[in-house]
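Report on one structure; see the data block that follows.
Here, each number is a calculation from the coordinates, and none is a lab measurement. These numbers come from a predicted model, not from an experiment. FYI the Cβ positions are ideal-geometry reconstructions off the backbone, even for glycines, and counts take in every protein chain you see.
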């Protein structure tokens, strides 16, 4: 067995094609993301990847809709969303595939 710490990973991503990574692959990206109340990500979309976000704890707003504990949001390619943490939040995010350079800011 090997032991690692999430705080040592790149912005919470621990599987994917980046460093450090516990498993380098373009097949998938997996991360545990932590946000403080008020943190915001501008609207963006993916042309290739489908993204699954699980709200582990807290409340977020994406495109004007609130999500909370145990909600799972599936975002298919071409669909744009923003993200605002209404409380402190922990999410698990899975992107399939883990396509490099597949994040496009929405104007």
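Restricting attention to segment 26-40 and to residues that are under 13 Å from the mean Cα position of the chain (by Cα) and more than 15 Å from residue 90 (Cβ to Cβ), the residue that is surrounded by the most Cβ atoms within 10 Å (Cβ to Cβ) turns out to be 29. Those strands (runs of 3 or more DSSP E) of segment 13-92 in which at least 3 residues are touching a residue at least 60 places away in the same chain (Cβ under 8 Å), considering only elements entirely within it, cover 29-35, 40-45. Residues in segment 87-107 that are out of contact with any strand residue (DSSP E or B) (no Cβ under 6 Å at 6 or more places or on another chain) and on the phi < 0 side of the Ramachandran plot were compared, and the one that is surrounded by the fewest Cβ atoms within 10 Å (Cβ to Cβ) is 107.
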